[in-house]
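The structure appears below as structure tokens.
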């Protein structure tokens, strides 16, 4: 921001403080009154309280002042309502997008500052839209399965209506009845009809698209007090035939047979009882705004619907779930299609956090997130947050280890997050995640201090970067990023899980087995899958172990594979960083060769190979001036492949990052065991390397049967630990007794970590 | 630092303040007295002043308190003087290194705190060394051309003596004459003899090794008041035969015929009159400590030598030069062998900055660097800095565009640094840089906001990371990092400049042509080379241009090649980041192929190729969320190669980064013209791309002769600029007149930038 703007904001803040002392005398104990306007995100009572507090609530005052500067400048500049023609990035797209954001802000400013110039700005723009809307044809760009009128897809038209409804609510009483009738008949109702009745393939779904559509219709319905339209929003367009084989542009099915529709279905189905959104946090972040802004409006206008109590308060739980799906820096974990770098600082998270605080019992942890965001919504929820911060109520939002179930009923697997020291391990054993899902059952990613160390590739897309396929999904998203080999999980016979088919993958989910995090010294997440490869059972157990002699915890990873048939198994390990050393002999190829033909293998180069024997292999690497070591148990004739992403990538769309693949051929049952350590640091300034080597001397499988798997970890401090997991009985109360090498181990519950005898 | 340590430091600071009020009454106006001890880095008068100011000089107090905590803990632990046997990283190496650092610190603590336990610690350790030194053999590790006794190379033995001399000076008066005789006869004199008389191949050189050696002998000579030994330090070991074909382990010649030796020769020859150190800033940083610490000791003890006035004050100028060779974040530019990330925060820069301030006229800019370093030396110089900071004298150290000449007489080329906006362009037209030089005449690197955008690869070495070749130079340093193709400069016929031979490269240097930075809107650095390829003349002109309509300046790069013969020319462009778009059609190879056979080409993969025609090519890429575009003039049948580093790299020692090579075949005279823009930004949080595309519509060569080259740059704001350089006359007073396309251009001086007519 320019210096001048900052000064301006400061002056406005002072002005607000001085001129609103009057309002502060208003009666603050007034009764709640749900009728009239505004009543969506601002209420009449809320406006009074905001005006009474202006100048005393810095984070709110600052946001308000910045908004005023922005809107005043735009009023000065004038607006345009151009004939729609462009894709995103183009002039008409960006202008219509700017318009709805400005209308929402101007509406809010009118209520808070009670200056009619803001109401007039909204009114003038709305009348310009009303004059044109019915005349405009369907948007000329043909790419979408559901084309809008202002934008190339109904999704963006819905965005427009969600924001504009708020603006309309704010200036409702400023307009005459005739004016309202004109706007409602010439603009809002036909607009709502286009994205709903005229686009049931968009509206009647369970999908983030439909959520936006439902909410758009619902918001304008509330603004117009139209209960018929509200019913459409809440329950979908009725009596529409649909083709169950129809798909959207991302390859996702429009709808399953018998599936419920409308807003409540969109809350019920993708959210698990824990508040996990099945598409993953990247899309939850996007969908979070309409879910919560509409819930807020419903709560204000139709409190009898008790939307925040729906499904045992799942919408409020979703706020906590979403925040827990971010790393130490607030960046979201990569689950399914997701772009790296998206974080809790995204603007939609402002409303999410504020609404979560206001309606969700005033969790002081959310105030610390709001403080980091340095912004609040200019409404009742934002006021609550600003008052809470000003009263010094903020407390740190502590992220702990957490398991978030997937599926409408919470019985379709889960995401398990183990947090120990600076490590955050994200273990995925969910359902498919709708049309944005990846074929990566039982995969994981590892973060340390907010940096990805063992990566999930994320999506094959550069959102809104026009140079890369218009900013849309690239073909490599499907051919690479979604394929199993792009993830840290098992690939059988060089074919993706579920044959890489959405129809098949959508039918199944992995299953939780153990999630036990009560002790910091040993935390366990274990899960199973039996459907990724028919006839093959996968069981992965991921453990964080704190050795009292070392600074950092380490990860123990046990992947059991049991199959009816002999197969080739690949387990890739996408370490990020520069290889320092491998303790096994590998041979670099004279030039990279393409690793395979399909299922993502065609995008990998083979750079080096090794054939190893019984024992361990170690890979030591450096990332962000930290030393890491991967130690894996190998058996004779295991193959190691050093691969690199980037083959068959004609436009350099992929990042040329490395992987180590541990390959077992002609094997029925396989056991992959490894550890991942963060053990040392390097400083390029002092040029000192500290603890550059692994602390682990050896890992060994000392027992493996259908019932139990036992791993011994010997460390350089001449200590030895044994971890045993019961493979078939996860009962916490069950007692076990197992003799290994003449040592008797007895314990209660599904696992034990003990010092070696 | 642990919390406990911080508390301890705080308490000690308070203690120092209270118990030294006594000392503050001491007479501060005493006469300077150079006799007696301490007199190297601390003087008797300095100690008095330090003691008088303790508790009032926070940066000094903090450093002192931290040093006390560290040394106290080590005194508690006891010390070891083990029989030498290891390379760096090993126990005996690290222990002897720790010992000299501790002795220096304990000596200083003894003087400042006047607590005899510190003197006793130094004395006990020195006597342990004295007991063993004569008995120890030459160090058993054979790798060095000049083996030490405590360490595998005399270099490290010299480090030991430089530090230990300071400790000896501090406790000199604490020892009896007998004790001093024992130490001097059994330890210091034989130690000094080993690294000098017994190792003339190390001592009698002009090289950073010899600098350490000379200074080590000089420091102990000053501590012992031994003028004979001091003469050896200053002027070398006399009457030693040497073999002019002898080389060190890095392939550098030991010495040239007729070359002067000793400390003054080591100041005179590698430093240009501007204070540029011919090996480059990475090694200057390393050599800076001995140069300046010895200069400080000489100034204190032998002020009649006027060391700081030597060569018109070059040692003080070198401090300014070194700081100017760092980017916005203080990281050094990569010139010759250098590891990325080395910066002004390196400990040797503490002494450099403090001594530079104390003896160099108290430049307030240096205080701001010292503040960033958060540490001072515990001596007279550190006191000066601490007092200056406490008095609020610090001012920003402003880095401007600067040309630093190379060569003892300043006539062997230069480094030209153009700074404009956030851009820092480093253009290299120096001499070879001794044994650490690269074959990269007229190469450049570009930084923006402290991030490298167009890179110099740096060295093929991971300093002190044992996993990578013991932390020493890797063979890829020679086969890749030093070769011409690894740099952003011309390679003729796939052979490195000067045939990649040190003997040849060392004979020549490039020549300055123009360095003109008075106007921020157009800054020009231009240089020539006629020796890299006999029969071929290179002339490169690099310009930063500020277009008033755009936020950022851009770089215009004109490389003229004129040869007696037809050749193939390659000009690589090592952009860092992810390719967003190229505006020409290229074809990715099914799999990468090795680009060539030798001279570094064997380390590059060819990933994609294009044949282009008359016009421009554009490459648009993203780096650190900024968009960049390279636009280059091409002529018909020019080839474009997308390459990647990493071929013939069996141990993954190289970073797999990308390059674009513009290749011209069968060409006598070539003209490469390009622009580099930083024009836009991306946010992964808001997912907004701003100014993602180049602002440059077209660049065109509108005139090119032996006398003049004229480039027209058309921008998207429908403006057009013309830059003309006079190729043969760089006289600032000369007037020129040139007609191009019927437009007459007249100007004074070697170049003009004008709006197109």
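The values are calculated or read from the model by the stated rules, or taken from the named source; none is laboratory data. These numbers were taken from a predicted model, which means no experiment stands behind them. Cβ sites come from the backbone with ideal geometry, for glycine too, and all protein chains shown count toward neighbours.
Listing for the model above:
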quantity: In region B:320-345, the residues that are more than 16 Å from residue B:477 (Cβ to Cβ), more than 10 Å from chain A (Cβ to nearest Cβ) and in a loop (DSSP other than H, G, I, E, B); calculated: B:325, B:327, B:328, B:329, B:333
quantity: Set A:286, A:357, A:310: member being part of a helix (DSSP H, G or I) and within 14 Å of another protein chain (Cβ to nearest Cβ); calculated: A:286
quantity: Matching strands (runs of 3 or more DSSP E) fully within region A:642-745 where at least 1 residues are within 14 Å of another protein chain (Cβ to nearest Cβ) and surrounded by fewer than 18 Cβ atoms within 10 Å (Cβ to Cβ); calculated: A:670-683, A:688-690
quantity: Complete set of residues in region A:579-604 that are within 31 Å of the chain's Cα centre (by Cα) and within 7 Å of chain B (Cβ to nearest Cβ); calculated: A:579
quantity: Residue match in region A:600-608 (condition: modelled with pLDDT of 95 or more, in contact with a helix residue (DSSP H, G or I) (Cβ under 8 Å, 6 or more places away or on another chain) and more than 23 Å from residue A:446 (Cβ to Cβ)); calculated: yes
quantity: Test: residue in region B:525-541 that is within 14 Å of another protein chain (Cβ to nearest Cβ) and buried (at least 20 other Cβ atoms within 10 Å of the Cβ); calculated: no
quantity: Region B:617-627 - residue that is in a strand (DSSP E or B) and within 12 Å of chain A (Cβ to nearest Cβ) and, of those, surrounded by the fewest Cβ atoms within 10 Å (Cβ to Cβ); calculated: B:618
quantity: Some residue of region B:559-573 being part of a loop (DSSP other than H, G, I, E, B) and in contact with a helix residue (DSSP H, G or I) (Cβ under 9 Å, 6 or more places away or on another chain); calculated: no
quantity: Verdict on residue A:317 being outside the structural domain of residue A:103 (by TED's automatic domain parsing), assigned to a helix (DSSP H, G or I), in contact (Cβ under 8 Å) with a residue 40 or more places away in the chain and on the phi > 0 side of the Ramachandran plot; calculated: no
quantity: Helices (runs of 4 or more DSSP H) completely within region A:112-225 that count 3 or more residues being buried (at least 24 other Cβ atoms within 10 Å of the Cβ) and on the phi < 0 side of the Ramachandran plot; calculated: A:116-133, A:154-171, A:189-195, A:208-224
quantity: Residue ID - modelled with the lowest pLDDT, chosen from residues in region B:462-501 that are surrounded by fewer than 22 Cβ atoms within 10 Å (Cβ to Cβ), assigned to a helix (DSSP H, G or I) and within 14 Å of chain A (Cβ to nearest Cβ); calculated: B:470
quantity: Given (1) modelled with pLDDT under 95; (2) closer than 16 Å to residue B:165 by Cα, number of the condition residue B:227 does not satisfy; calculated: (1)
quantity: Residue satisfying condition, being closer than 25 Å to residue A:424 by Cα and not assigned by TED's automatic domain parsing to the domain that holds residue A:470, within set A:675, A:709; calculated: A:709
quantity: Failed condition for residue A:107, given (1) in contact with a helix residue (DSSP H, G or I) (Cβ under 9 Å, 6 or more places away or on another chain); (2) farther than 23 Å from residue A:288 by Cβ; calculated: (2)
quantity: Count of region A:228-261 residues which are in a loop (DSSP other than H, G, I, E, B), over 28 Å from residue A:474 (Cα atoms) and in contact with a helix residue (DSSP H, G or I) (Cβ under 6 Å, 6 or more places away or on another chain); calculated: 2
quantity: Selection within region B:553-590 - over 26 Å from residue B:710 (Cβ atoms), touching a strand residue (DSSP E or B) at 6+ places or on another chain (Cβ under 7 Å) and touching a residue at least 60 places away in the same chain (Cβ under 8 Å); calculated: B:568, B:574, B:575, B:576, B:577, B:579, B:580
quantity: Residue that is farthest from the other protein chains (Cβ to nearest Cβ), among those in region A:367-377 that are crowded, with 24+ Cβ neighbours inside 10 Å and more than 18 Å from the chain's Cα centre (by Cα); calculated: A:367
quantity: Lone qualifier among A:348, A:384 - being within 14 Å of another protein chain (Cβ to nearest Cβ), assigned to a helix (DSSP H, G or I) and either under 23 Å from residue A:314 (Cβ atoms) or free of Cβ contacts under 8 Å to residues at least 40 places away in the same chain (or both); calculated: A:348
quantity: Cβ pairs under 6 Å, 6+ apart, first in region A:591-611 and in the same structural domain as residue A:489 (by TED's automatic domain parsing) and at positive phi, second crowded, with 18+ Cβ neighbours inside 10 Å and part of a strand (DSSP E or B); calculated: A:599/A:495
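Residue-by-condition table, conditions (1) farther than 23 Å from residue A:203 by Cα; (2) in contact with a strand residue (DSSP E or B) (Cβ under 7 Å, 6 or more places away or on another chain); (3) surrounded by 24 or more Cβ atoms within 10 Å (Cβ to Cβ); (4) at pLDDT below 95:
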{"position": "A:263", "(1), (2), (3), (4)": "no, no, yes, no"}
{"position": "A:286", "(1), (2), (3), (4)": "no, no, no, yes"}
{"position": "A:293", "(1), (2), (3), (4)": "no, no, yes, no"}
{"position": "A:298", "(1), (2), (3), (4)": "no, no, yes, no"}
{"position": "A:304", "(1), (2), (3), (4)": "yes, no, no, no"}
{"position": "A:317", "(1), (2), (3), (4)": "yes, no, no, no"}
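Residue-by-condition table, conditions (1) surrounded by 24 or more Cβ atoms within 10 Å (Cβ to Cβ); (2) within 14 Å of chain B (Cβ to nearest Cβ):
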{"site": "A:410", "(1), (2)": "no, no"}
{"site": "A:422", "(1), (2)": "no, no"}
{"site": "A:429", "(1), (2)": "yes, no"}
{"site": "A:460", "(1), (2)": "yes, yes"}
